[in-house]
Amino acid sequence: MGGGACYIGFRGLKLTIFAPSYHPRRKGRMMAKGKACATHPNEVQTTPISQTACIAYEFFILEPRNNTKEGDSFAFLHRQSRGRWNLSVQTSRGQVQVKPTELELDHIHFEDRQDLWSEFTESRSVSLLAEQKITLKHKLTGTRRTLILREKVIRNGDVIRVLGRQKHSNQLPLLEDAIVTDKPISRVILESSLALLAGLFVLGVGISLINHAFR
């Protein structure tokens, strides 16, 4: 647990503090900040529920589990990502193509949910659940399940940060193995620092317990 928290924290700090800023003549890992744009503007995606035109999106079907101190934890019943291949970022040094391995999108563009007391507001939500063969009700009790359908999008002009690796080539600039986020820089630093400190604390406690056990 401690090692996992340290990894998450260090990865976030790499995105905000340790990674050098993008430069077209530089190789290796670097961070680019700018506005999202489509590599091929005529090829756009449409989100499943709200039918929003965008460059890329993530679609989730979630079922809340036990509450935690940080909020609800969720079971991911379905996850869909589209349009990553078409993502670029317009920086002060020009347009850079992005090849993401991960999207860390914070802003929820659209959400529809049902629970014991309310139904979905969008008819498409029911159709999307049927496509994934997810039942609306509990099999034993017959009551409505608490289900959440959520969309996160990257649209033209959205401010994003990209941490990726650039190689020199004769083609257009490209950041590979990239992490893409829309979180404010201050929030990334705060969350990453807290995760790193928590991970170090848990590691310290674990090592102390191991030493005590093998005395």
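The stretch 83-194 gives an Rg/Rh value of 1.13, both radii derived from C-alpha positions and Rh following Kirkwood. You can think of it this way: the chain between PHE76 and GLN95 has 3.4 nm of extra reach, that is 0.36 nm per residue less the Cα-Cα gap. With R₀ fixed at 41 Å, the C-beta to C-beta distance from VAL126 to ARG215 puts the FRET efficiency at about 0.10.
When only the Cβ of Lys, Arg, Asp and Glu is charged (+1, +1, -1, -1), the dipole of the stretch 18-122 relative to its Cα centre reaches about 1160 debye. A simple spin-label model places the labels of ILE189 and GLU63 4.1 nm from each other, with each point 7 Å out along Cα-to-Cβ. The residues of the stretch 30-183 expose, per residue, 56 Å² of accessible area to a 1.4 Å probe.
Please report the relative contact order for the stretch 30-183, taking Cα pairs under 8 Å with a sequence separation of at least 6, and give it as a percent rounded to a whole number. The value is 33 percent. For the chain, a crude dipole built from +1 on the beta carbon of Lys and Arg and -1 on the beta carbon of Asp and Glu, taken about the Cα centre, is about 780 debye to the nearest 20. Checked against a 28 Å cut-off, the cross-linked pairs LYS99/LYS133; LYS33/LYS167; LYS133/LYS183; LYS99/LYS137; LYS139/LYS183 give Cα-Cα distances beyond that limit for LYS99/LYS133; LYS133/LYS183; LYS99/LYS137; LYS139/LYS183. Taking every DSSP helix (H) stretch of at least 4 residues in the chain, weighting each as -39,500 (n - 2.57) and dividing the sum by the residue count yields a mean residue ellipticity at 222 nm of -8000 deg cm²/dmol.
What is the sum of charges around SER81, taking Lys and Arg as +1, Asp and Glu as -1, for the other residues whose C-beta is under 14 Å from the C-beta of SER81? In short, +2. The portion of the accessible surface of the chain made up by carbon and sulfur, rounded to a whole percent, is 55 (1.4 Å probe; DNA, RNA and ligands excluded). Rg/Rh for the chain stands at 1.05; both radii use Cα atoms, and Rh follows the Kirkwood definition. For the peptides 138-147, 96-105, the ranking by mean Cβ contacts within 10 Å, running from highest to lowest, is 96-105, 138-147.
Stretching the chain fully between ARG165 and GLU102 yields a gain of 21.3 nm (0.36 nm per residue, less the alpha carbon separation).
Near GLN114: Cβ cut-off under 12 Å, other residues only, Lys/Arg at +1 and Asp/Glu at -1. The net charge is -2. Applying the Karplus relation 6.51 cos²θ - 1.76 cosθ + 1.60 with θ = phi - 60° to the stretch 84-100 yields 3J(HN,Hα) values of 4, 4, 9, 9, 9, 10, 8, 9, 5, 9, x, 7, 10, 6, 10, 10, x Hz, where x marks Gly and Pro.
The values are calculated or read from the model by the stated rules, or taken from the named source; none is laboratory data. Since the model is a prediction, treat every value here as computed from it, not as a measurement. For neighbour counting, all protein chains shown are included, and Cβ atoms are generated from backbone atoms with ideal geometry for every residue, glycine included. Just so you know, the surface numbers come from the protein's heavy atoms only, side chains and all, with ligands and any DNA or RNA stripped out. Shrake-Rupley method; radii C 1.70, N 1.55, O 1.52, S 1.80 Å.
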